[in-house]
(Lines give C-alpha, C1' and ligand atoms only; values in the text may rest on other atoms or scores of the structure.)
Protein backbone atom coordinates (compact mmCIF):
# COMPACT_ATOMS: atom_id res chain seq x y z
CA UNK A 1 0.00 0.00 0.00
CA UNK A 2 1.43 3.48 -0.81
CA UNK A 3 2.66 5.57 2.09
CA UNK A 4 0.38 8.44 1.11
CA UNK A 5 -2.76 6.31 1.50
CA UNK A 6 -1.59 4.96 4.87
CA UNK A 7 -0.94 8.43 6.21
CA UNK A 8 -4.25 9.73 4.84
CA UNK A 9 -6.40 7.17 6.67
CA UNK A 10 -5.74 8.53 10.19
CA UNK A 11 -6.26 12.04 8.90
CA UNK A 12 -9.69 11.11 7.56
CA UNK A 13 -10.65 9.56 10.88
CA UNK A 14 -9.61 12.68 12.78
CA UNK A 15 -11.82 15.05 10.78
CA UNK A 16 -14.34 16.49 13.29
CA UNK A 17 -18.03 16.18 12.52
CA UNK A 18 -19.84 19.42 11.79
CA UNK A 19 -22.10 20.65 14.54
CA UNK A 20 -25.61 21.81 13.80
CA UNK A 21 -25.40 24.62 16.34
CA UNK A 22 -29.02 24.07 17.51
CA UNK A 23 -29.56 23.12 21.17
CA UNK A 24 -31.18 19.81 21.97
CA UNK A 25 -34.48 21.30 23.18
CA UNK A 26 -35.17 22.62 19.68
CA UNK A 27 -35.59 19.05 18.41
CA UNK A 28 -37.68 18.04 21.40
CA UNK A 29 -40.08 20.98 21.19
CA UNK A 30 -42.02 20.00 18.00
CA UNK A 31 -43.09 16.48 19.15
CA UNK A 32 -43.93 17.80 22.62
CA UNK A 33 -46.04 20.59 21.11
CA UNK A 34 -47.81 18.09 18.85
CA UNK A 35 -48.49 15.81 21.81
CA UNK A 36 -49.86 18.73 23.81
CA UNK A 37 -52.18 19.84 21.00
CA UNK A 38 -53.50 16.38 20.16
CA UNK A 39 -53.82 14.82 23.64
CA UNK A 40 -53.31 17.28 26.47
CA UNK A 41 -55.35 20.21 25.14
CA UNK A 42 -58.59 18.16 24.83
CA UNK A 43 -58.08 16.89 28.38
CA UNK A 44 -57.62 20.47 29.58
CA UNK A 45 -60.88 21.40 27.87
CA UNK A 46 -62.66 18.52 29.63
CA UNK A 47 -61.34 19.63 33.03
CA UNK A 48 -62.25 23.24 32.26
CA UNK A 49 -65.78 22.29 31.24
CA UNK A 50 -66.18 20.24 34.43
CA UNK A 51 -65.78 23.40 36.55
CA UNK A 52 -67.91 25.60 34.29
CA UNK A 53 -71.62 25.39 35.18
CA UNK A 54 -74.30 26.22 32.66
CA UNK A 55 -74.87 29.52 34.46
CA UNK A 56 -71.29 30.55 33.67
CA UNK A 57 -68.27 31.29 35.79
CA UNK A 58 -66.01 28.82 37.54
CA UNK A 59 -67.35 26.64 40.30
CA UNK A 60 -67.05 23.18 41.84
CA UNK A 61 -70.82 22.91 41.99
CA UNK A 62 -70.95 20.37 39.13
CA UNK A 63 -68.62 18.10 41.13
CA UNK A 64 -70.73 18.43 44.27
CA UNK A 65 -73.93 17.74 42.34
CA UNK A 66 -72.61 14.76 40.38
CA UNK A 67 -70.67 13.10 43.20
CA UNK A 68 -73.71 13.35 45.48
CA UNK A 69 -76.10 11.85 42.93
CA UNK A 70 -77.33 8.27 43.24
CA UNK A 71 -76.78 7.62 39.51
CA UNK A 72 -73.06 8.38 39.82
CA UNK A 73 -72.61 6.19 42.88
CA UNK A 74 -74.44 3.35 41.17
CA UNK A 75 -72.38 3.74 37.99
CA UNK A 76 -69.15 3.83 40.00
CA UNK A 77 -70.12 0.72 41.95
CA UNK A 78 -71.15 -1.12 38.77
CA UNK A 79 -67.94 -0.13 36.99
CA UNK A 80 -65.72 -1.25 39.85
CA UNK A 81 -67.38 -4.61 40.48
CA UNK A 82 -67.58 -5.43 36.77
CA UNK A 83 -63.90 -4.55 36.35
CA UNK A 84 -62.86 -6.57 39.40
CA UNK A 85 -65.06 -9.54 38.47
CA UNK A 86 -63.86 -9.54 34.86
CA UNK A 87 -60.24 -9.28 35.97
CA UNK A 88 -60.62 -12.19 38.39
CA UNK A 89 -62.30 -14.31 35.72
CA UNK A 90 -59.64 -13.43 33.15
CA UNK A 91 -56.85 -14.31 35.58
CA UNK A 92 -58.29 -17.74 36.39
CA UNK A 93 -59.30 -18.63 32.82
CA UNK A 94 -56.16 -17.14 31.28
CA UNK A 95 -53.88 -19.05 33.67
CA UNK A 96 -55.62 -22.37 32.97
CA UNK A 97 -55.60 -21.91 29.19
CA UNK A 98 -51.98 -20.72 29.17
CA UNK A 99 -50.92 -23.76 31.21
CA UNK A 100 -52.69 -26.08 28.79
CA UNK A 101 -51.18 -24.43 25.70
CA UNK A 102 -47.66 -24.24 27.14
CA UNK A 103 -47.31 -27.55 28.97
CA UNK A 104 -49.91 -30.00 27.64
CA UNK A 105 -48.74 -31.31 24.25
CA UNK A 106 -51.50 -31.45 21.67
CA UNK A 107 -51.65 -30.93 17.91
CA UNK A 108 -52.03 -27.30 16.95
CA UNK A 109 -50.72 -25.80 20.20
CA UNK A 110 -48.48 -23.35 18.33
CA UNK A 111 -51.35 -22.33 16.06
CA UNK A 112 -53.54 -21.65 19.09
CA UNK A 113 -50.79 -19.55 20.67
CA UNK A 114 -50.50 -17.49 17.48
CA UNK A 115 -54.27 -17.10 17.35
CA UNK A 116 -54.10 -15.49 20.80
CA UNK A 117 -51.92 -12.75 19.30
CA UNK A 118 -54.41 -12.26 16.44
CA UNK A 119 -57.32 -12.18 18.89
CA UNK A 120 -55.83 -9.12 20.59
CA UNK A 121 -56.48 -7.08 17.45
CA UNK A 122 -60.22 -7.86 17.38
CA UNK A 123 -62.57 -5.03 18.38
CA UNK A 124 -64.61 -5.64 21.51
CA UNK A 125 -67.97 -5.21 19.80
CA UNK A 126 -67.14 -8.08 17.45
CA UNK A 127 -66.90 -10.55 20.34
CA UNK A 128 -70.12 -9.17 21.82
CA UNK A 129 -71.85 -9.55 18.46
CA UNK A 130 -70.70 -13.17 18.28
CA UNK A 131 -72.14 -13.83 21.74
CA UNK A 132 -75.43 -12.26 20.62
CA UNK A 133 -75.56 -14.67 17.69
CA UNK A 134 -75.16 -17.58 20.12
CA UNK A 135 -76.98 -16.51 23.30
CA UNK A 136 -79.15 -13.59 22.18
CA UNK A 137 -82.94 -13.65 22.32
CA UNK A 138 -82.97 -14.77 18.69
CA UNK A 139 -79.66 -16.58 18.87
CA UNK A 140 -78.67 -20.15 18.11
CA UNK A 141 -79.09 -21.48 21.66
CA UNK A 142 -82.64 -20.17 22.01
CA UNK A 143 -83.44 -21.32 18.48
CA UNK A 144 -82.31 -24.87 19.23
CA UNK A 145 -84.28 -24.85 22.51
CA UNK A 146 -87.51 -23.71 20.88
CA UNK A 147 -87.00 -26.15 18.00
CA UNK A 148 -86.57 -29.11 20.37
CA UNK A 149 -89.15 -28.22 23.02
CA UNK A 150 -91.63 -26.31 20.87
CA UNK A 151 -91.69 -23.46 23.38
CA UNK A 152 -92.42 -19.86 22.49
CA UNK A 153 -88.97 -18.64 23.59
CA UNK A 154 -85.70 -19.99 24.91
CA UNK A 155 -84.30 -19.69 28.43
CA UNK A 156 -81.16 -17.72 27.57
CA UNK A 157 -81.69 -14.02 28.30
CA UNK A 158 -78.67 -13.27 30.46
CA UNK A 159 -76.75 -11.19 27.91
CA UNK A 160 -78.83 -8.11 28.73
CA UNK A 161 -77.95 -8.44 32.43
CA UNK A 162 -74.73 -7.61 34.31
CA UNK A 163 -73.76 -11.29 34.07
CA UNK A 164 -73.89 -11.06 30.28
CA UNK A 165 -71.57 -8.04 30.34
CA UNK A 166 -69.28 -9.95 32.70
CA UNK A 167 -69.19 -12.96 30.37
CA UNK A 168 -68.48 -10.77 27.34
CA UNK A 169 -65.63 -8.93 29.09
CA UNK A 170 -64.05 -12.17 30.33
CA UNK A 171 -64.30 -13.64 26.82
CA UNK A 172 -62.69 -10.62 25.21
CA UNK A 173 -59.99 -9.73 27.75
CA UNK A 174 -58.72 -13.21 28.70
CA UNK A 175 -56.11 -13.22 25.86
CA UNK A 176 -54.64 -10.05 27.38
CA UNK A 177 -53.70 -12.21 30.37
CA UNK A 178 -52.66 -15.22 28.31
CA UNK A 179 -50.17 -13.32 26.16
CA UNK A 180 -47.72 -12.30 28.93
CA UNK A 181 -48.19 -15.69 30.60
CA UNK A 182 -47.24 -17.57 27.43
CA UNK A 183 -44.19 -15.34 27.07
CA UNK A 184 -43.17 -16.08 30.67
CA UNK A 185 -43.75 -19.82 30.26
CA UNK A 186 -41.57 -19.87 27.13
CA UNK A 187 -38.61 -18.63 29.22
CA UNK A 188 -39.14 -21.15 32.03
CA UNK A 189 -36.30 -23.62 32.51
CA UNK A 190 -37.79 -27.02 31.67
CA UNK A 191 -35.06 -28.73 33.70
CA UNK A 192 -36.85 -27.60 36.87
CA UNK A 193 -40.02 -29.30 35.71
CA UNK A 194 -38.16 -32.50 34.86
CA UNK A 195 -36.41 -32.57 38.23
CA UNK A 196 -39.66 -31.97 40.10
CA UNK A 197 -41.39 -34.69 38.10
CA UNK A 198 -38.56 -37.15 38.65
CA UNK A 199 -38.79 -36.54 42.40
CA UNK A 200 -42.42 -37.65 42.33
CA UNK A 201 -44.15 -34.26 42.38
CA UNK A 202 -47.65 -34.32 40.93
CA UNK A 203 -48.72 -31.83 38.22
CA UNK A 204 -50.71 -29.71 40.68
CA UNK A 205 -47.69 -29.43 42.99
CA UNK A 206 -45.39 -28.58 40.07
CA UNK A 207 -47.73 -25.80 39.02
CA UNK A 208 -48.00 -24.45 42.56
CA UNK A 209 -44.34 -24.67 43.56
CA UNK A 210 -42.43 -24.25 40.29
CA UNK A 211 -44.55 -22.64 37.55
CA UNK A 212 -46.75 -20.23 39.49
CA UNK A 213 -43.92 -18.34 41.27
CA UNK A 214 -42.28 -17.68 37.90
CA UNK A 215 -45.61 -16.61 36.38
CA UNK A 216 -46.73 -14.23 39.13
CA UNK A 217 -45.12 -11.06 37.65
CA UNK A 218 -46.67 -11.73 34.23
CA UNK A 219 -49.98 -12.61 35.84
CA UNK A 220 -49.97 -9.38 37.83
CA UNK A 221 -49.06 -7.31 34.76
CA UNK A 222 -51.80 -8.89 32.64
CA UNK A 223 -54.36 -8.49 35.42
CA UNK A 224 -53.47 -4.82 35.91
CA UNK A 225 -53.88 -4.16 32.19
CA UNK A 226 -57.24 -5.93 32.07
CA UNK A 227 -58.45 -3.94 35.08
CA UNK A 228 -57.59 -0.66 33.36
CA UNK A 229 -59.27 -1.71 30.11
CA UNK A 230 -62.42 -2.94 31.85
CA UNK A 231 -62.83 0.36 33.69
CA UNK A 232 -63.00 2.17 30.34
CA UNK A 233 -64.95 -0.41 28.34
CA UNK A 234 -67.88 1.11 26.46
CA UNK A 235 -68.56 -1.02 23.38
CA UNK A 236 -69.34 -4.26 25.22
CA UNK A 237 -71.91 -2.64 27.52
CA UNK A 238 -73.51 -0.82 24.59
CA UNK A 239 -73.71 -3.82 22.24
CA UNK A 240 -75.09 -6.24 24.81
CA UNK A 241 -78.10 -3.98 25.18
CA UNK A 242 -77.95 -4.18 28.98
CA UNK A 243 -80.14 -1.18 29.76
CA UNK A 244 -79.91 -1.64 33.53
CA UNK A 245 -76.08 -1.73 33.44
CA UNK A 246 -74.70 1.80 33.68
CA UNK A 247 -70.93 2.17 33.95
CA UNK A 248 -68.94 5.39 34.10
CA UNK A 249 -68.34 5.50 30.31
CA UNK A 250 -72.05 4.85 29.73
CA UNK A 251 -72.91 7.63 32.19
CA UNK A 252 -70.66 10.03 30.27
CA UNK A 253 -72.50 9.07 27.08
CA UNK A 254 -75.88 9.48 28.74
CA UNK A 255 -75.09 12.88 30.26
CA UNK A 256 -73.46 14.30 27.14
CA UNK A 257 -75.56 12.86 24.29
CA UNK A 258 -78.96 12.11 25.80
CA UNK A 259 -79.25 14.85 28.43
CA UNK A 260 -76.88 17.48 26.93
CA UNK A 261 -75.49 18.05 30.43
CA UNK A 262 -71.89 18.66 29.43
CA UNK A 263 -70.52 19.82 32.81
CA UNK A 264 -71.84 16.65 34.49
CA UNK A 265 -70.49 14.50 31.66
CA UNK A 266 -67.06 16.11 32.03
CA UNK A 267 -67.11 15.57 35.80
CA UNK A 268 -67.73 11.84 35.31
CA UNK A 269 -65.04 11.78 32.61
CA UNK A 270 -62.50 13.41 34.94
CA UNK A 271 -63.24 10.82 37.64
CA UNK A 272 -62.89 8.04 35.08
CA UNK A 273 -59.60 9.49 33.83
CA UNK A 274 -58.27 9.74 37.38
CA UNK A 275 -59.11 6.10 38.06
CA UNK A 276 -57.58 4.98 34.76
CA UNK A 277 -54.36 6.98 35.19
CA UNK A 278 -53.92 5.70 38.73
CA UNK A 279 -54.40 2.08 37.69
CA UNK A 280 -52.19 2.58 34.63
CA UNK A 281 -49.44 3.81 36.92
CA UNK A 282 -49.87 0.63 38.95
CA UNK A 283 -49.73 -1.39 35.72
CA UNK A 284 -46.47 0.28 34.70
CA UNK A 285 -44.90 -0.41 38.10
CA UNK A 286 -45.94 -4.06 37.95
CA UNK A 287 -44.73 -4.38 34.34
CA UNK A 288 -41.35 -2.89 35.19
CA UNK A 289 -40.92 -5.28 38.09
CA UNK A 290 -41.99 -8.16 35.87
CA UNK A 291 -39.42 -7.15 33.27
CA UNK A 292 -36.73 -6.89 35.93
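Among all residues of the range 22-38, there is none that is surrounded by fewer than 14 Cβ atoms within 10 Å (Cβ to Cβ) and in contact (Cβ under 8 Å) with a residue 24 or more places away in the chain.
Any residue at all in the range 203-216 that is more than 30 Å from residue 285 (Cβ to Cβ) and either surrounded by 15 or more Cβ atoms within 10 Å (Cβ to Cβ) or touching a strand residue (DSSP E or B) at 6+ places or on another chain (Cβ under 9 Å) (or both)?
Restricting attention to the range 203-216, the residues satisfying the condition of being more than 30 Å from residue 285 (Cβ to Cβ) are 203-205.
The next check asks that each one be either surrounded by 15 or more Cβ atoms within 10 Å (Cβ to Cβ) or touching a strand residue (DSSP E or B) at 6+ places or on another chain (Cβ under 9 Å) (or both); those that pass are none.
No, the range 203-216 contains no residue that is more than 30 Å from residue 285 (Cβ to Cβ) and either surrounded by 15 or more Cβ atoms within 10 Å (Cβ to Cβ) or touching a strand residue (DSSP E or B) at 6+ places or on another chain (Cβ under 9 Å) (or both).
Checked against (1) buried (at least 20 other Cβ atoms within 10 Å of the Cβ); (2) closer than 23 Å to residue 240 by Cα, residue 98 passes all but condition (2). Checking each residue in the range 62-105 for being out of contact with any helix residue (DSSP H, G or I) (no Cβ under 8 Å at 6 or more places or on another chain) and farther than 25 Å from residue 46 by Cα picks out 81, 88, 92, 96, 100, 104, 105.
Checked against (1) without any contact (Cβ under 8 Å) to a residue 24 or more places away in the chain; (2) assigned to a loop (DSSP other than H, G, I, E, B); (3) closer than 28 Å to residue 222 by Cα; (4) touching a helix residue (DSSP H, G or I) at 6+ places or on another chain (Cβ under 8 Å), residue 122 meets all criteria but (1).
Test of understanding: among 139, 154, 94, 150, which residue is over 30 Å from residue 255 (Cα atoms) and either free of Cβ contacts under 8 Å to residues at least 12 places away in the same chain or in contact with a strand residue (DSSP E or B) (Cβ under 7 Å, 6 or more places away or on another chain) (or both)?
On the way: 139 fails: either free of Cβ contacts under 8 Å to residues at least 12 places away in the same chain or in contact with a strand residue (DSSP E or B) (Cβ under 7 Å, 6 or more places away or on another chain) (or both); 154 fails: either free of Cβ contacts under 8 Å to residues at least 12 places away in the same chain or in contact with a strand residue (DSSP E or B) (Cβ under 7 Å, 6 or more places away or on another chain) (or both); 94 fails: either free of Cβ contacts under 8 Å to residues at least 12 places away in the same chain or in contact with a strand residue (DSSP E or B) (Cβ under 7 Å, 6 or more places away or on another chain) (or both).
Only one candidate qualifies: 150.
Listed by position, the helices (runs of 4 or more DSSP H) enclosed by the range 163-244 that each have at least 3 residues that are free of Cβ contacts under 8 Å to residues at least 60 places away in the same chain, touching a helix residue (DSSP H, G or I) at 6+ places or on another chain (Cβ under 8 Å) and farther than 30 Å from residue 72 by Cα are 190-198.
Kindly indicate which of 100, 92, 96, 116 is assigned to a helix (DSSP H, G or I) and farther than 16 Å from residue 176 by Cβ.
Details: 92 fails: farther than 16 Å from residue 176 by Cβ; 96 fails: farther than 16 Å from residue 176 by Cβ; 116 fails: farther than 16 Å from residue 176 by Cβ.
Step by step, each of 100, 92, 96, 116 is checked, and only 100 is assigned to a helix (DSSP H, G or I) and farther than 16 Å from residue 176 by Cβ.
Based on what the data block shows, is residue 195 modelled with pLDDT under 80, surrounded by fewer than 18 Cβ atoms within 10 Å (Cβ to Cβ) and over 23 Å from residue 227 (Cβ atoms)? So residue 195 passes the test. For the range 245-264, which positions are under 23 Å from the mean Cα position of the chain (by Cα) and either within 13 Å of residue 76 (Cα to Cα) or touching a residue at least 24 places away in the same chain (Cβ under 8 Å) (or both)? Passing the criteria: 245, 246, 247, 248, 249, 250, 251, 252.
The values are calculated or read from the model by the stated rules, or taken from the named source; none is laboratory data. Since the model is a prediction, treat every value here as computed from it, not as a measurement. All Cβ positions, even for glycine, are placed from backbone atoms using ideal geometry, and neighbour counts span all protein chains on display.
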